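Chemist: Please read through the structure below; I'll follow up with questions.
The values are calculated or read from the model by the stated rules, or taken from the named source; none is laboratory data. What you are looking at is a predicted structure, and each value in this text was computed from that prediction instead of being measured. Cβ coordinates were reconstructed from backbone atoms using ideal geometry, including for glycine residues, and neighbour counts include every protein chain displayed. Just so you know, the surface numbers come from the protein's heavy atoms only, side chains and all, with ligands and any DNA or RNA stripped out. Shrake-Rupley method; radii C 1.70, N 1.55, O 1.52, S 1.80 Å.
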Amino acid sequence: MTVDRLRDLLAREPFNAGAYRRLAEALDDARQDGVRSALRAADRTLEDAERALSANQFERAGAILQRRLAERPRDVEALHLMGELAFALNRELDAEALLRLALDFAPDFTLARIALARQLDTRGLSLEARKALEPVLASEPGNLYAKFVQAAALGRAGDYERAAKLYEELLGELPDEASLWTTYGYVLKTMGRADEGLRAMRRAVALAPTNGEAWWNLANLKTRQLDPADIASMTRALTDENLGSDDRLHIHFALGVACEDQGNAGEAFAHYERGNAIRRKSCHFDPAAFRADIEAATRTLSRTFFDDRRGLGGDARDPIFIVGMPRSGSTLIEQILSSHPQIEGTRELAYTGNIARHLGYGRGDYLEQMAALDAEQSRSLAATYLDDSRAERRTERPFFIDKMPNNWLYLPLIQLLLPNARIIDARRHPLACGVSNFKQVYSRGQCFSYDLANIGHYYAAYVTMMAHIDDVLPGRVLRLFHEALVEDPEREIRRLLEHLELPFDPDCLRFHQTDRPVRTPSSEQVRRPIDRATIGRWRMFEPWLDPLKEALGPVLDDYPEVPPLV
């Protein structure tokens, strides 16, 4: 392909790392090979791109970087920034490819290597993240940024003791760094050391009153209400003209929690809406395209499809998948099951999604790639999932939980690879679940959750897919309704364990006494007995829920039943 044609291609596909590699080869520009741009001090191009990226001006940053790389495809600093931009736009695989290309051209480019590790960790690939960091930590053991990313990866992998120790070392070097106190506090909270976590987060907001993530983590701790002084401090922060959009959205969500705790539903909803509006600018969801994907899957994945592929996958019985909408009560189910002596709780594992993306999920050929799997490929992919998951396990218990909620999208793949795995669908009233999502800031993904109508469309698509799975794989999934579990825990827990073919254990009723790390926003709630009073809390926001109700349609009217045609 000629230089001009490659540049035309990159004008249409600015995140195509392979095209940049081919353009570099076509130009054969040895002066740039493996080095950072020598002209950076002379021109301000990359500095302009960095500023635009920091300000979430993604279109401007992309235009600058696209022009730069069309002329200098080996400019590794530009490739690094383009990788950061792709990640900000949820183009995760493109981001990884761009950073790896930069490292191919310049293996000693420390900043790109740390960025790669950080992105892998954020995607849930903590083991790969730590491997990516090894060369940096070996050559630059005092690199504080690398140690910070390492601490985050250790925490995400469940090695909280080592993560906390590393954060303490970093705080010894940087005692006034608010972001360190924030993440350290989060790790302490996850470990069940809520009071220490609270003090760390308080330290963070004292050091940086405009640090939105610190305020949000403090609000999301759910053990203490924010007081009037906190509300005043956050309100002042919002008047700062230099406040970044990320800090601003987190403060709006934190103020939403504070106002809600005071019973001021209107003001709370206004803050949630403002925070969601900011996030929607960088986190896009197309409900029509999503619905089309679900409909294509239900057309293709018939009962005959699965009957023809019996016996393809592995025979492992140890995974227990808890799927469903985020904020559906899955953490409570995980905590209950993790109290059983034969079941280990891990976390929301990204490995099924990684396999799906490897097969083309999101690129349009996923169903074809999945349909083409033979027995050897299926068993190899099943082994990959089990090997990756094994790194997350800390005990010798025979069963483990993967509670990634989005795995409902990949249930057909799970059926092909792990036909003996157990599947639980955690379902919650669509308005309660929808409001809970609208009130939540996710660290990554879940782009549907920042708009009430999109939440409704997503929930309806989820119900459609699960109803289809029930039809083509009858009895494969146990559905557990959150309201039923809260109303009669013992009955539902017995039903759950019967599905898993495990004996009842009374410790499952005493789940709040189980001492284990819990990563999700519900971590403090599941350390307390079930509170029935929270079931109807969503009703305080009912005056503003018409877009959600309309998008849900018959799914809302018929809940908990499924309408005949969704």
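Chemist: Only one of these conditions is not met by Glu96: (1) within 25 Å of Gly197 (Cα to Cα); (2) part of a helix (DSSP H, G or I); (3) of a type outside the set (Lys, Arg); (4) open to solvent by 10 Å² or more (accessible area, probe 1.4 Å). Which number is it?
Modeler: Of the numbered conditions (1) within 25 Å of Gly197 (Cα to Cα); (2) part of a helix (DSSP H, G or I); (3) of a type outside the set (Lys, Arg); (4) open to solvent by 10 Å² or more (accessible area, probe 1.4 Å), the odd one out for Glu96 is (1).
Chemist: Could you say whether any residue in the stretch 421-440 is closer than 12 Å to Ile294 by Cβ, of a type outside the set (A, V, I, L, M, F, W, C), touching a residue at least 60 places away in the same chain (Cβ under 8 Å) and open to solvent by 10 Å² or more (accessible area, probe 1.4 Å)?
Modeler: Our first condition is that a residue be closer than 12 Å to Ile294 by Cβ; within the stretch 421-440, this holds for none.
No, the stretch 421-440 contains no residue that is closer than 12 Å to Ile294 by Cβ, of a type outside the set (A, V, I, L, M, F, W, C), touching a residue at least 60 places away in the same chain (Cβ under 8 Å) and open to solvent by 10 Å² or more (accessible area, probe 1.4 Å).
Chemist: Would you say Arg310 is closer than 22 Å to Ala453 by Cβ, basic (Lys, Arg) and open to solvent by 20 Å² or more (accessible area, probe 1.4 Å)? Even if it seems obvious, please write down each step before you answer.
Modeler: Working: closer than 22 Å to Ala453 by Cβ: no; basic (Lys, Arg): yes; open to solvent by 20 Å² or more (accessible area, probe 1.4 Å): yes.
It is false that Arg310 is closer than 22 Å to Ala453 by Cβ, basic (Lys, Arg) and open to solvent by 20 Å² or more (accessible area, probe 1.4 Å).
Chemist: Any idea which of Ser302, Ser338, Ser330, Ser389 is surrounded by fewer than 17 Cβ atoms within 10 Å (Cβ to Cβ) and among the hydroxyl-bearing types (Ser, Thr, Tyr)? Working first, answer last.
Modeler: Numbers: Ser338 fails: surrounded by fewer than 17 Cβ atoms within 10 Å (Cβ to Cβ); Ser330 fails: surrounded by fewer than 17 Cβ atoms within 10 Å (Cβ to Cβ); Ser389 fails: surrounded by fewer than 17 Cβ atoms within 10 Å (Cβ to Cβ).
Going through Ser302, Ser338, Ser330, Ser389 in turn, the sole match is Ser302.
Chemist: What's the number of the condition Phe400 fails, among (1) aromatic (Phe, Trp, Tyr); (2) touching a Gly at 6+ places or on another chain (Cβ under 8 Å); (3) open to solvent by 10 Å² or more (accessible area, probe 1.4 Å); (4) farther than 26 Å from Asp94 by Cβ?
Modeler: (3)
Yes/no per residue for (1) in a helix (DSSP H, G or I); (2) out of contact with any helix residue (DSSP H, G or I) (no Cβ under 6 Å at 6 or more places or on another chain); (3) among the aliphatic types (A, V, I, L, M):
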{"position": "Arg317", "(1), (2), (3)": "no, yes, no"}
{"position": "Val323", "(1), (2), (3)": "no, no, yes"}
{"position": "Gly353", "(1), (2), (3)": "yes, yes, no"}
{"position": "Ala382", "(1), (2), (3)": "yes, no, yes"}
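Chemist: When you scan the stretch 154-226 for helices (runs of 4 or more DSSP H) that lie fully inside it, which ones turn up with 2 or more residues that are open to solvent by 30 Å² or more (accessible area, probe 1.4 Å) and at pLDDT below 95?
Modeler: Details: elements: 160-173, 178-190, 194-207, 212-219.
Because the criterion is at least 2 residues that are open to solvent by 30 Å² or more (accessible area, probe 1.4 Å) and at pLDDT below 95, the helices (runs of 4 or more DSSP H) in the stretch 154-226 that meet it are 160-173, 178-190, 194-207.
Chemist: Out of Val486, Val463, I need the residue that is hydrophobic (A, V, I, L, M, F, W, C), in a helix (DSSP H, G or I) and in contact with a strand residue (DSSP E or B) (Cβ under 9 Å, 6 or more places away or on another chain). Which one?
Modeler: Working: Val486 fails: in contact with a strand residue (DSSP E or B) (Cβ under 9 Å, 6 or more places away or on another chain).
Val463 is the lone residue from the list that is hydrophobic (A, V, I, L, M, F, W, C), in a helix (DSSP H, G or I) and in contact with a strand residue (DSSP E or B) (Cβ under 9 Å, 6 or more places away or on another chain).
Chemist: So which residues in the stretch 126-146 are assigned to a helix (DSSP H, G or I), without any contact (Cβ under 8 Å) to a residue 24 or more places away in the chain, open to solvent by less than 70 Å² (accessible area, probe 1.4 Å) and under 22 Å from Leu174 (Cα atoms)?
Modeler: Matches in the stretch 126-146: Leu133, Leu137.
Chemist: Separate question: Evaluate the stretch 335-345: report whether one residue or more is within 30 Å of His499 (Cα to Cα) and within 19 Å of the chain's Cα centre (by Cα). Can you show your working first?
Modeler: Restricting attention to the stretch 335-345, the residues satisfying the condition of being within 30 Å of His499 (Cα to Cα) are 335-345.
Applying the additional criterion that residues be within 19 Å of the chain's Cα centre (by Cα) yields 345.
Among the residues of the stretch 335-345, at least one is within 30 Å of His499 (Cα to Cα) and within 19 Å of the chain's Cα centre (by Cα), which makes the answer yes.
Chemist: Let me ask something additional. Condition (residue is farther than 19 Å from Ala11 by Cβ, open to solvent by less than 10 Å² (accessible area, probe 1.4 Å) and part of a helix (DSSP H, G or I)) applied to the stretch 70-82: is it met by at least one residue? I'd like the intermediate steps shown before the answer.
Modeler: Residues of the stretch 70-82 that are farther than 19 Å from Ala11 by Cβ, as a first pass: 76-77, 80.
Filter once more, so that each one left must be open to solvent by less than 10 Å² (accessible area, probe 1.4 Å): 76.
If we keep only those that are part of a helix (DSSP H, G or I) too, we end up with 76.
For the stretch 70-82, residues farther than 19 Å from Ala11 by Cβ, open to solvent by less than 10 Å² (accessible area, probe 1.4 Å) and part of a helix (DSSP H, G or I): present.
Chemist: Which of the residues that make up the stretch 348-366 are closer than 20 Å to Asp425 by Cβ and open to solvent by less than 20 Å² (accessible area, probe 1.4 Å)?
Modeler: Residues satisfying the conditions are Leu349, Ala350, Tyr351, Thr352, Gly353, Ala356.
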